[in-house]
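Undergrad: First, the structure itself, so that you have it in front of you.
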Amino acid sequence: MKIAAMTLMAAMVGVAAEPRQPQQKLTVYLLDNAGVPPAVRLPAMRSAAGMFATIGIRLDWRQGEPRRTSSDRPILIELARRAPANLLPGAFAYALPYEGVHIRVFYDRIERQIAPGLTTAVLAHVLVHEVTHVLQRVARHSDSGIMKAVWSDEDYLQMRSGPLPFAPEDKELIRLSLAR
């Protein structure tokens, strides 16, 4: 009986030790021109990295602007303050998916419109949403989840307890785009 139990435990350890699917590394530079408090910015970045890790993407966060000598094609996110009222009214951010590099987040709008206890979670979701646009290389939205065009009160409530999911079509578009 002891041998059978030991064999079963060894098999379970072997299964648990199997390598997971390799993660694709994505370099993302964050330029904080908004003075986002580190107590908000850093957990939002960790949360965004965790959301992408669930679909096999490892974010390599860097601060500032990318070096011109970089051989990879990083994404550049600017956290901005004082968004012009006539620039995409109501939007928390925008990406340039066809260009494939630049994202601007209007942190002042997040601060004004979101309850303080939810700011970090919303910032994380905005980062993931906009990076997904750049990865998919298309300006489109889903009916549900992280890539929804406008999040509902129920979506914000869900953000309090955990991340919104990627819709299957979003995962597939990212996979196809990264395969190119």
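Undergrad: Amide H to amide H under 5 Å from residue 102: which residues, 5+ apart in sequence or cross-chain, H placed 1.01 Å off N in plane?
TA: 76, 96
Undergrad: At 7 Å along the Cα-to-beta-carbon direction for both residue 60 and residue 24, put a label point, then send me their distance in nm to one decimal.
TA: Output for this residue pair reads 1.5 nm.
Undergrad: For helix 168-179, what angle does its Cα long axis make with the longest principal axis of the chain, in degrees from 0 to 90 and rounded to 10?
TA: 90 degrees
Undergrad: Given the -39500 (n - 2.57) contribution per DSSP H run of 4+ residues, what per-residue ellipticity at 222 nm results for the chain, rounded to the nearest 500 deg cm²/dmol?
TA: So the calculated ellipticity at 222 nm is -13500 deg cm²/dmol.
Undergrad: Please say if the stretch 75-153 is rounded, prolate or oblate, where rounded means a/c under 1.5 for a ≥ b ≥ c the square roots of the C-alpha gyration tensor eigenvalues, and otherwise the choice is prolate for a/b larger than b/c and oblate otherwise?
TA: Values: a/c = 1.67, a/b = 1.24, b/c = 1.35.
Oblate, since a/c reaches 1.5 and b/c is not below a/b.
Undergrad: Just to confirm, what accessible area per residue do you get for the chain at 1.4 Å probe, in whole Å²?
TA: Per residue, the chain has an accessible area of 58 Å².
Undergrad: Extension gain residue 148-residue 81, at 0.36 nm per residue separation less the Cα-Cα distance, in nm?
TA: 21.7 nm
Undergrad: To test your reading of the geometry: what angle, between 0 and 90 degrees and rounded to tens, separates the Cα axis of helix 119-136 from the longest principal axis of the chain?
TA: Its long axis makes an angle of about 80 degrees.
Undergrad: Restricted to Cα positions, what overall size does the chain have along the principal axes? Three whole-Å values, descending.
TA: The Cα atoms of the chain stretch 73, 41, 32 Å along their principal axes.
The values are calculated or read from the model by the stated rules, or taken from the named source; none is laboratory data. Only a predicted model underlies this, so the values are computations on that prediction, with no experimental measurement involved. We place every Cβ from the backbone using ideal geometry, glycine too, and count neighbours over all the protein chains shown. Ligands, DNA and RNA are stripped out before the accessible areas are found, and what is left, the full protein with its side chains, is counted by its heavy atoms. Shrake-Rupley method; radii C 1.70, N 1.55, O 1.52, S 1.80 Å.
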